[in-house]
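The values are calculated or read from the model by the stated rules, or taken from the named source; none is laboratory data. The structure presented is a predicted model; accordingly, all values stated were derived computationally and were not measured. Note: ideal-geometry Cβ built from the backbone for every residue, glycine included; neighbour counts use all protein chains shown.
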Amino acid sequence: MKRISRRLAGVLALAGLFGGTGLAAAAAAFPTQPIRIVVPYGTGGSPDVMARMIGQQVSEQLGQPVVVENRPGANGIVAAQAVAREKPDGHTLLVADTGHLAINPGLYRQLPYDPVADFARVKAVVITPLFLLVRQDLPVASLAELIDYAKANPGKLSYASSGNGSPHHLGMERLKAMTGIDMVHVPFKGVAESVPSLVAGRTDLMLVSLSSVAPHIRAGTVRVIAVGTQRESPLMPGVPAISEAGVPGFEAYSRIGFVAPAQTPEDRMIILEQAIANALASPQVREKLAPFGMEALEMSRQAYGDQIKAEIPQYRELTEALKLKVD
C-alpha cells in the first residue's frame, strides 16, 4: 500500500504540470497501447470533430496513437453499453453527452447501462448551447414578446425538435413549464429534418445548436432571440441568455465529456484528465470549437460527476410528466 500511495503521489505531482513533458514522464507505464475513443454518433458531427481534435493532442502528449471509433445507434446506447463492458484499464473512453448520461435513464424503462455506476468521469470538455430561434416572420423580437404572444395565442404556436426526449424537446418543455405558455410539439427524426421546417415557416420556433442554423441566421431566413445558457454566449455576443431575459434558472444545452469504464485506476484517470485538459487549453483546439457551436468547459471531475447525479432525477421528473418512454 505504501508503494502504491507513493506512486500515486508522484503521478499527482507530475499531472499538475501543464506541459506535455511532465505528463509524459508520469505516463511512462501508461498507456501501453493505442487509446480508443468511442463516439456514439457518425462522422462529421460536433462530438466526432471534438473527439478527433482532442485525440490528436492526447496522442502527442502520451506517445500512443488515439483511434476514434464511431458507433452510432439507439440514442447512444450501443456505444455506452459497449464501453461499460470494456476492461477498465484506461485504454477505452466514451464521448458522452447529456442525453447518454442524464436523459436516457428517465427515457428508457430498461437501460442496459447505469450512467453513474458503470462509468468513471474523466473530463467534461465542452457545452453546446441551444439557441432559441423563431421563423423569420413571427411578430416577436425578444423573449418577453414571444412569451406574451404565446400567452395571447395558446396552443397556436408550434415548435420543432430533433425527436422525442432530445435536449431540444425537453428544453422547450422546460421553457413551457417555467413560463406557463402552451405550444404544440412537432418532433422530427433529427436536426437535419427539423431545421428546414423552421426555415420554411411550417413550424414557428425551436431550440437548436448554433452550428445547425448559422447559415440560415446569416441569410436572414430565421431569427435568434435568446440562448439557453446562464449568461451571454461568446458564440454569439449580444444575444441575451434566457435566464437573464425573464426566465431565471433556465438552461438548455448539451454537455459533452469523456468517461471510462468504472474501476479504471485512479492514477490512469489523472493522466487522461490532464492530457485532455492540456489539449482543451490548446489555442488551435479552442479556435476550432466555435464553428461547431461548442464552448470549452472548465469543470473538475468531482463537479462533473455531481452534476450528472443531480440532472438524472430532474430529467426523469420531466420525462415522467410528459409520459415519455421510448421502449
Exercise. Report the residue count in the range 185-195 for those that are within 22 Å of LYS323 (Cβ to Cβ) and in a loop (DSSP other than H, G, I, E, B).
Key: 2
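The rows are residues; the columns are (1) aliphatic (A, V, I, L, M); (2) buried (at least 17 other Cβ atoms within 10 Å of the Cβ); (3) within 26 Å of GLY76 (Cβ to Cβ).
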| position | (1), (2), (3) |
| --- | --- |
| TYR159 | no, yes, yes |
| HIS169 | no, yes, yes |
| GLU173 | no, yes, yes |
| GLY190 | no, no, yes |
| PRO196 | no, no, yes |
| ALA200 | yes, no, no |
Quiz item: Just one of the numbered conditions (1) surrounded by fewer than 23 Cβ atoms within 10 Å (Cβ to Cβ); (2) among the aromatic types (Phe, Trp, Tyr); (3) assigned to a strand (DSSP E or B) is not true of TYR149; which one?
Solution: (3)
Exercise. Could you tell me which of the residues ILE271, ILE308 is among the β-branched types (Val, Ile, Thr) and either out of contact with any Leu (no Cβ under 8 Å at 6 or more places or on another chain) or farther than 30 Å from HIS185 by Cα (or both)?
Key: ILE271
Quiz item: Yes or no: ARG121 assigned by TED's automatic domain parsing to the domain that holds GLN57, in contact with a helix residue (DSSP H, G or I) (Cβ under 9 Å, 6 or more places away or on another chain) and modelled with pLDDT of 95 or more?
Solution: yes
Quiz item: Does THR229 count as at pLDDT below 95, within 29 Å of GLU287 (Cα to Cα) and among the β-branched types (Val, Ile, Thr)?
Solution: yes
Quiz prompt | Some residue of the range 45-56 being farther than 24 Å from LYS325 by Cβ, at pLDDT below 95 and assigned to a loop (DSSP other than H, G, I, E, B) | solution = yes
Quiz item: Which residue out of PRO40, PRO72 is in contact with a helix residue (DSSP H, G or I) (Cβ under 8 Å, 6 or more places away or on another chain), crowded, with 22+ Cβ neighbours inside 10 Å and not small (Gly, Ala, Ser)?
Solution: PRO40
Practice problem: Return the residue satisfying two criteria in turn: it lies in the range 108-145 and is among the basic types (Lys, Arg) and surrounded by 15 or more Cβ atoms within 10 Å (Cβ to Cβ), and of such residues it is nearest to GLN274 (Cα to Cα). | Solution: LYS123
Practice problem: Answer with yes or no whether ALA117 is part of a loop (DSSP other than H, G, I, E, B) and not β-branched (Val, Ile, Thr). | Solution: yes
Practice problem: Pull up the range 196-211, narrow it to residues that are farther than 20 Å from GLY155 by Cα and part of a strand (DSSP E or B), then point me to the one that is nearest to the chain's Cα centre (by Cα). | Solution: SER209
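A quick yes/no check of all residues on (1) more than 20 Å from VAL126 (Cα to Cα); (2) hydroxyl-bearing (Ser, Thr, Tyr); (3) within 19 Å of the chain's Cα centre (by Cα):
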| residue | (1), (2), (3) |
| --- | --- |
| ARG218 | yes, no, no |
| VAL247 | yes, no, no |
| ILE271 | no, no, no |
| GLN274 | no, no, no |
| ALA290 | no, no, yes |
